[in-house]
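Nothing in this text is a laboratory measurement; each read-out follows from the coordinates by a stated rule. Source: prediction; values computed, not measured. Note that each Cβ is placed from the backbone with ideal geometry, even for glycine, and that neighbours are counted across all protein chains shown.
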């Protein structure tokens, strides 16, 4: 029983540091994704394919953040906020085509600020290692 009490703080610390690092990686990936879209709009049309495929490399980070939030016993805002980002990623697929296309860059901004909020709220976990 005493061993379980000693390993729990280690597990929590690892999950929280991983959450913080992954949230920073998510912010960087969103910035790169927007950059690729900008490249495609302003002259390098091959970047559309990069824009379409790059998202598949990081879209599930928010699900991993949700799991780390539960295991790491993070606040409900951080835990459920990460799942909200996953929902926004999925909505992005529907706004990429058709009449909802104007919402696509707006939702990208919401994704960016949501990821920034997660990264900022989890930053103290990196300082208290």
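One chain, two ends: residue 11 and residue 94. Fully extended at 0.36 nm per residue, the span grows by 26.1 nm beyond their Cα-Cα distance.
Helix content alone sets the calculated 222 nm mean residue ellipticity of the chain: runs of n ≥ 4 DSSP H residues at -39500 (n - 2.57) each, divided across all residues, give -28000 deg cm²/dmol.
Extension gain for residue 35-residue 73 works out to 10.3 nm (0.36 nm per residue, less the C-alpha to C-alpha distance).
Efficiency by 1/(1 + (r/R0)^6): what FRET value for residue 56 and residue 123, r their Cβ-Cβ distance, R0 = 25 Å, to the nearest 0.05? Approximately 0.35, to the nearest 0.05.
When only alpha carbons are used to place a centre, region 50-83 and region 95-129 end up 11 Å from one another. For the chain, averaging the sequence separation of C-alpha pairs within contact (under 8 Å, six or more residues apart) and dividing by the residue count gives a relative contact order of 36 percent.
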